[in-house]
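Written below as structure tokens is the structure these notes are about.
The values are calculated or read from the model by the stated rules, or taken from the named source; none is laboratory data. Given the structure is predicted, the values throughout are model-derived calculations rather than measurements. Don't worry about glycine lacking a Cβ; one is built from the backbone with ideal geometry, like all the others, and counts go over all protein chains shown. Accessible surface areas use protein heavy atoms only, side chains included; no ligands, DNA or RNA. Shrake-Rupley method; radii C 1.70, N 1.55, O 1.52, S 1.80 Å.
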Amino acid sequence: MSKVNLQRLGETVFQSSDRVSAELLALTYGSTVKQLLVDYEEPDEVNKQLDQMGYNIGIRLIEDVIANSKIYTISSFVDSAEIVAKVAFKMYLGVVANTVDWNSDKTEFSLQFDDNPLTEFTELPDRYSDLWYANILCGIIRGAYEMVQMKVECKYTKCVLRGDDTNEIRIVLREMLLERPPLDDE
Amino acid sequence: WKNGRDPQKTDAGNGSADVDQIAGSLNRKLALTNAVHGMGYDVGQRLIERLSTDHLKMETNLEVVKYICKDFWEETFKKQIDVLKTNNKGRFVLQDNNFRWIRKASRNDPSQLKVEDFLTFPAGIVCGAMNRLGVDCTVSADAASAPMCIFTVEIAQPPNNSRQQ
């Protein structure tokens, strides 16, 4: 599917799905991060926890993406990138991302988005400068990819809360997983 | 149970380890519930601040509760409260016949989570919002027949009765 079609699809699914107020989402996410900072203290550890939480969301969320968008086949990593950027981001965050900086092998790209509803009303105090505030997104993407047989690495590389001009997540394809029946399958 | 191992410990012989364990897990659950409630409280406070800026000052407890049931509920949970009851002595019972956040919750969840546990957070939200509007109260939630659920708001009586209905 072309970029334009995907963008239209994302828009349609977004319009037809149930929504919560963006303020509620932003505030709830904020208080979650705050609580994690209380519980784990170290920003690095909080980054890890957010990633893990995201992973647990991602492995379930992918079903919802497929069911609602009715995209049943993802033919390549390049296609998948556009689906994440134009459909999934629109569905759950209401914003569209761009895929940029592909490497020559087409196994790495960056997801760029200017607006992030999760970071609304948020400022990062100096002592938490190592925190990737919206790191949950990395986990979600990683988890979702894993369920469609692609092992990826996901890393936040730019965040407006840190003074960057945009948000950027680097996604690296590590391995295409083969579909194998479970060992004791009869 | 303030320190978790109150009376049972002294008289139990072999059973004390179990009691400790149960007390430990109860304490853990209580601490978690408190933390989640606190998070909700925080969210409720900040949410209502943004929502109610253009609203006229609410004079009575009833006005505040009505605002919560209509505008606030609509904004936060995408519908209004279905039934509001009160005993006119500071207790308000808010009934939502189809609460959005537990519509798809399973009754037979194999994990230890009960449907009620999912209401800790929204109860905190309601409590925080009420508090921000100047009403000191506690909020508890019940989901015996989910997705119908009931929030009970118990308003703390001010010593000088300055806020009467």
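Just to be sure before I move on: is A:K48 at positive phi and more than 13 Å from the chain's Cα centre (by Cα) in the structure I sent? So A:K48 does not fit the description; no. Within region B:38-73, being under 18 Å from A:L25 (Cα atoms), aliphatic (A, V, I, L, M) and open to solvent by 10 Å² or more (accessible area, probe 1.4 Å) holds for B:M39, B:L51. Scanning region B:100-136 for residues being open to solvent by 50 Å² or more (accessible area, probe 1.4 Å) and at pLDDT below 90 gives a total of 14.
Residue count for region A:1-29 satisfying the condition of being at the interface with chain B (Cβ under 8 Å from one of its Cβ atoms) and outside any loop (DSSP other than H, G, I, E, B): 4.
Give the residues of region A:110-131 that are surrounded by 12 or more Cβ atoms within 10 Å (Cβ to Cβ) and over 13 Å from the mean Cα position of the chain (by Cα), sorted by residue number. Of everything in region A:110-131, those that are surrounded by 12 or more Cβ atoms within 10 Å (Cβ to Cβ) and over 13 Å from the mean Cα position of the chain (by Cα) turn out to be A:D114, A:D115, A:T119, A:E120, A:T122, A:L124, A:Y128, A:D130, A:L131.
From the set of residues in region A:9-46 that are at pLDDT 90 or above and charged (D, E, K, R), which is nearest to A:A67 (Cα to Cα)? Per the stated criteria, the residue is A:E23. Those helices (runs of 4 or more DSSP H) of region B:16-88 in which 1 or more residues are of a type outside the set (F, W, Y), within 11 Å of chain A (Cβ to nearest Cβ) and under 25 Å from B:P147 (Cα atoms) occupy B:16-51, B:73-77.
For region A:158-186, a tally of residues being open to solvent by 70 Å² or more (accessible area, probe 1.4 Å) and at pLDDT 90 or above returns 3. Would you mind stating whether A:L50 is touching a Pro at 6+ places or on another chain (Cβ under 8 Å), in a helix (DSSP H, G or I) and either aromatic (F, W, Y) or more than 10 Å from every other protein chain (Cβ to nearest Cβ) (or both)? Taking the combined requirement at face value, the residue does not satisfy it.
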